[in-house]
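K.L.:
Structure in structure tokens, see below.
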Amino acid sequence: MRPLQILKIAALALPLTLVVSCSSHRKVSKQKSDSTEAVAQIGPIGQDAFLQKVSENALQERFVTSKVKFTVGVGAREMTLTGNLKMKRDDVIRLQLMAFGFVEAGRLEFTKEYVLIMDRINKLYLKVPYVQVDFLRNSNIDFNVLQGLFWNELFQPRTSKSKDDQLKNFKADMGNEDAVISLEDGKLSYRWLADKGTARLNMANILYADKFRGNYQMNWDYEDFQSYNRKYFPMDHKISFTTPDREIKMSMILNYIKSDENWETRTEVSSKYRQVTMDEILQRFMSL
């Protein structure tokens, strides 16, 4: 598989992952030293108090920025790129992928209004609202869901934040080694695994069940939590996306956490770029 083909998979795979969830048998790695310390602080608590602790663990920064190492694999083939992750809470998520370490080859940008995918090499782009992307619309995948996944937080479709009065919509099973937090939404099932000692989310899951086309599954693992402004944030994100006929694996490793505000939060697409349709992008993706 040529490097450009892998790059296109990277550009396409991330929005595609957001219709799905992983199977529940998957194990989550933990940071034992942090967990041991937090257990003494939290101790055994009930469901409501535990969900409140999970909510309070969310990073309170308005901006999160970092250099990242992004890896995408399809079957036995794998490619690693460097890049930049830039996020502004309740506004935008941007992932820039670099070729040779200094040339931007692709860009993914998610706002509340649109999804933007740019192929810098071939000067192609797709910019559409979420409702014009069938698998996002049908699966209730919106900016709020994406923000929760990237920011390591509980989330609900169509709801910007998991405020205290919204936590009642979640259920927490405290009877296992890890607490299992769940939320049902039609054909979609949301699951999170949280460490009972730290109330830290170690895994997010979305399952879209379709009895005609088969299930679509996504698993988003969080590892290597590091302290930032008295909160903990995962530096290692592992993502797997499974459809009835293929599996894509990705990882995103952050170099650091900063709160850089000195960047434009919206991308202006040059007139030299040609907009392509969703059908064209999906056809390219499926033909790889």
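The values are calculated or read from the model by the stated rules, or taken from the named source; none is laboratory data. Since the model is a prediction, treat every value here as computed from it, not as a measurement. Because the Cβ atoms are built from the backbone with ideal geometry, glycine has one as well, and the counts that use them run over all protein chains shown. Accessible surface areas use protein heavy atoms only, side chains included; no ligands, DNA or RNA. Shrake-Rupley method; radii C 1.70, N 1.55, O 1.52, S 1.80 Å.
K.L.:
Of the residues that make up segment 80-95, is at least one in contact (Cβ under 8 Å) with a residue 12 or more places away in the chain, open to solvent by 30 Å² or more (accessible area, probe 1.4 Å) and of a type in the set (A, V, I, L, M, F, W, C)?
P.N.:
Checked segment 80-95: no residue is in contact (Cβ under 8 Å) with a residue 12 or more places away in the chain, open to solvent by 30 Å² or more (accessible area, probe 1.4 Å) and of a type in the set (A, V, I, L, M, F, W, C).
K.L.:
Among the residues of segment 226-244, how many are closer than 21 Å to A194 by Cβ, open to solvent by less than 10 Å² (accessible area, probe 1.4 Å) and either at pLDDT below 90 or among the aromatic types (F, W, Y) (or both)?
P.N.:
Of the residues in segment 226-244, 1 are closer than 21 Å to A194 by Cβ, open to solvent by less than 10 Å² (accessible area, probe 1.4 Å) and either at pLDDT below 90 or among the aromatic types (F, W, Y) (or both).
K.L.:
Can you run down the residue pairs with Cβ atoms below 6 Å, 6 or more apart or on separate chains, where the first is in segment 144-164 and more than 15 Å from V92 (Cβ to Cβ) and polar (S, T, N, Q) and the partner is surrounded by 21 or more Cβ atoms within 10 Å (Cβ to Cβ) and at pLDDT 90 or above?
P.N.:
Close Cβ pairs satisfying both conditions: N152/L201; N152/Y222; N152/P234; S162/L154.
K.L.:
Right, something else. Suppose we filter segment 252-280 for residues that are of a type in the set (D, E, K, R) and in a loop (DSSP other than H, G, I, E, B); how many remain? Steps first, answer last, please.
P.N.:
So the first thing to find is which residues in segment 252-280 are of a type in the set (D, E, K, R), and the list is 258, 260-261, 264, 266, 268, 272, 274, 279-280.
Then drop every residue that is not in a loop (DSSP other than H, G, I, E, B), which leaves 260-261, 264, 266, 268, 272.
So the answer is 6.
K.L.:
Going through segment 245-255 one residue at a time, which ones are out of contact with any Lys or Arg (no Cβ under 6 Å at 6 or more places or on another chain) and at pLDDT 95 or above? Steps first, answer last, please.
P.N.:
So the first thing to find is which residues in segment 245-255 are out of contact with any Lys or Arg (no Cβ under 6 Å at 6 or more places or on another chain), and the list is 245-250, 252, 254.
Once the filter is applied, which keeps residues that are out of contact with any Lys or Arg (no Cβ under 6 Å at 6 or more places or on another chain) and at pLDDT 95 or above, segment 245-255 yields M252, L254.
K.L.:
If a residue has to be of a type outside the set (D, E, K, R) and within 13 Å of D260 (Cβ to Cβ) to count, how many in segment 60-91 make the cut? Give the steps one after another, and end with the answer.
P.N.:
In the first step, residues of segment 60-91 are kept if they are of a type outside the set (D, E, K, R); the result is 60, 63-66, 68, 70-76, 79-85, 87.
Cutting the leftovers down to within 13 Å of D260 (Cβ to Cβ) gives us 63-66, 84-85, 87.
Residues flagged as of a type outside the set (D, E, K, R) and within 13 Å of D260 (Cβ to Cβ) within segment 60-91 amount to 7.
K.L.:
Can you tell which of G101, G106 is touching a residue at least 12 places away in the same chain (Cβ under 8 Å) and at negative phi?
P.N.:
Numbers: G101 fails: at negative phi.
Going through G101, G106 in turn, just one is touching a residue at least 12 places away in the same chain (Cβ under 8 Å) and at negative phi: G106.
K.L.:
I need the strands (runs of 3 or more DSSP E) fully contained in segment 123-233, keeping only those with at least 3 residues that are under 22 Å from D48 (Cα atoms). Don't jump to the end; show me each part of the working.
P.N.:
Numbers: elements: 124-128, 171-173, 178-185, 188-195, 201-208, 216-228.
In segment 123-233, the matching strands (runs of 3 or more DSSP E) lie at 171-173, 178-185, 188-195, 201-208.
K.L.:
Continuing with the same structure: Out of all the residues in segment 43-55, which are touching a residue at least 40 places away in the same chain (Cβ under 8 Å) and part of a helix (DSSP H, G or I)?
P.N.:
Q47, D48, F50, L51, Q52, K53, V54, S55 - these are the residues of segment 43-55 that are touching a residue at least 40 places away in the same chain (Cβ under 8 Å) and part of a helix (DSSP H, G or I).
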